[in-house]
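Scroll down for the structure; my scribbles are underneath it.
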Amino acid sequence: KLPRPSISAEPGTVIPLGSRVTFVCRGPVGVQTFRLERETSFTYNDTEDVSQVSPSESEARFRIDSVSEGYAGPYRCVYYKAPKWSEQSDYLDLLVKGEDVTWALTQPQLDPRACPQ
């Protein structure tokens, strides 16, 4: 069984509008592909740019140069290590801070088709 990946954000999870954020996904060594998922699996970024950070750990970095309110919400990582995909990491909530308001999406509902009223 593959270990679950972890996800973190630099410089943090509360990012001023227009600033840069980097999501860091970590897993075991030998990962071929890291995938950063939005709150649904339908929106994601894949990278094969994986670096080994210790004898037992590898990571990939996903950089967003200028966040807008549309980037707020939960993110998670999965990875591919032949022959299969790992389980998902926990969710990480990105908050985007404007001059006087913070955009945050709540955790996804159980039914992905349910829209908040």
**Report entry** Within the stretch 54-87, considering residues that are among the small types (Gly, Ala, Ser), out of contact with any strand residue (DSSP E or B) (no Cβ under 9 Å at 6 or more places or on another chain) and assigned to a loop (DSSP other than H, G, I, E, B), the one nearest to Val101 (Cα to Cα)
**Finding:** Ser66
Query raised in the report: For Pro55, are the conditions met, namely being over 12 Å from the mean Cα position of the chain (by Cα), touching a residue at least 40 places away in the same chain (Cβ under 8 Å) and on the phi < 0 side of the Ramachandran plot?
Result: no
Query raised in the report: So which residues in the stretch 84-117 are touching a Ser or Thr at 6+ places or on another chain (Cβ under 6 Å) and at pLDDT below 75, if there are any at all?
Result: Pro112
Query raised in the report: So, in the stretch 66-87, of the ones that are of a type outside the set (A, V, I, L, M, F, W, C) and either touching a helix residue (DSSP H, G or I) at 6+ places or on another chain (Cβ under 9 Å) or open to solvent by less than 10 Å² (accessible area, probe 1.4 Å) (or both), which residue ends up farthest from Thr33 (Cα to Cα)?
Result: Gly73
Query - Residue list for the stretch 1-38, filter: of a type in the set (Ser, Thr, Tyr), assigned to a strand (DSSP E or B) and under 27 Å from Val101 (Cβ atoms) - result: Ser8, Thr22
Query raised in the report: Out of the residues in the stretch 88-102 that are in contact with a helix residue (DSSP H, G or I) (Cβ under 9 Å, 6 or more places away or on another chain) and part of a loop (DSSP other than H, G, I, E, B), which is surrounded by the fewest Cβ atoms within 10 Å (Cβ to Cβ)?
Result: Val101
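The values are calculated or read from the model by the stated rules, or taken from the named source; none is laboratory data. Note that this is a predicted model, so its numbers are computed, not measured. Positions of Cβ are backbone-derived with ideal geometry, glycine not excepted, and every protein chain shown enters the neighbour counts. Heavy atoms of the whole protein, side chains included, go into the accessibility calculation; ligands, DNA and RNA do not. Shrake-Rupley method; radii C 1.70, N 1.55, O 1.52, S 1.80 Å.
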